[in-house]
Amino acid sequence: MRAESSRSGITLAELLVVVAIIGVLAGILVPAGLMVRRYAVRVSCASNLRQLGMCTLTYAEEWNGRLPAEGALGATNAAKSPAWFDRLPAYLDQPKTAVHSVFQCAGFRWSGSATFANALPRSLKMNAYLDSAGRPRHYRRGSARGGAESSVALFIDAVAGDTGMGQWGHCLASAVTDERHPGAVNVLCLDGMTQTVVSTPKDCRWSRAITWLPDGWDGGP
């Protein structure tokens, strides 16, 4: 009796099963990979903020506890400007025009011209309310008492563009964005520590989610 020959190849049904399995795995792995990537970018952004905080606190130690200003305050010469983006890069020997530096969110991508007004649009910005309501332009450490400095924002993830709020170094509540970290923004507090602030899609109001001023201070968002 002749033995039956062994079957070679796969049937159409088997091929369809394999394709279906691959499709299911892709449906699971692709979103998971995207979540991991977003988390890694958020962590890198927070790391940049921590280094920015170290620079800021070092500056304050050299200036009797006073922080750099949120803007140039009318100075046209960067060498004389009190702005944080003019004063702090020297502490890390990084040019303020560098795209990938601790002075930018790790998820920041700029496709425009190399520089704008001698600097890139800024994706990390300084809390604009600290010097509002007649307070000094240079916040002095310890001004917010009762442990408030551990929660009040100093630098925040914000919009970055070549015009309007995007180009400036100060941050209003309207300038906060979670486009680089959906549903969350990184915040550097006055004590030099970072935190991730989450706001739900139904109530994405960064004016409330972020602590802009200590209790009892007027002039906030």
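The values are calculated or read from the model by the stated rules, or taken from the named source; none is laboratory data. These numbers come from a predicted model, not from an experiment. So basically every Cβ, Gly included, is an ideal-geometry build from the backbone, and we count neighbours across all protein chains shown. The protein model used for the area step is the full one, side chains on, heavy atoms only, and it has no ligands, DNA or RNA in it. Shrake-Rupley method; radii C 1.70, N 1.55, O 1.52, S 1.80 Å.
Relative to the current alpha-carbon distance between Asp191 and Asn64, full extension at 0.36 nm per residue lengthens the span by 44.2 nm. Here the accessible area of segment 102-194 is 50 percent carbon and sulfur, with a 1.4 angstrom probe and all protein chains present.
From the alpha carbon centroid of segment 59-108 to that of segment 144-221 is 18 Å. Note on exposure: Met126, Met165 ranked by accessible area (1.4 Å probe, complete protein assembly) read Met165, Met126, with the most exposed listed first. Across segment 144-152, computed HN-Hα scalar couplings (Karplus, 6.51 cos²θ - 1.76 cosθ + 1.60, θ = phi - 60°) run 8, 8, x, x, 5, 5, 7, 10, 7 Hz from first to last residue, x flagging Gly and Pro.
Classify segment 125-181: rounded, prolate or oblate, from the alpha-carbon gyration tensor (a ≥ b ≥ c, eigenvalue square roots; a/c under 1.5 rounded; otherwise prolate if a/b is larger than b/c)?
On the way: a/c = 3.14, a/b = 1.68, b/c = 1.87.
In terms of gyration-tensor shape, oblate.
Computed from label points 7 Å out along Cα-Cβ, the spacing between Leu92 and Arg208 is 3.4 nm. Annotation: Thr196 carries an accessible surface of approximately 60 Å², with a 1.4 Å probe and no ligand, DNA or RNA atoms counted. Along segment 164-180 the Karplus relation, 6.51 cos²θ - 1.76 cosθ + 1.60 evaluated at θ = phi - 60°, assigns HN-Hα couplings of x, 4, x, 8, 8, x, 9, 10, 8, 4, 6, 8, 6, 9, 10, 5, 8 Hz to successive residues, with x for each Gly and Pro.
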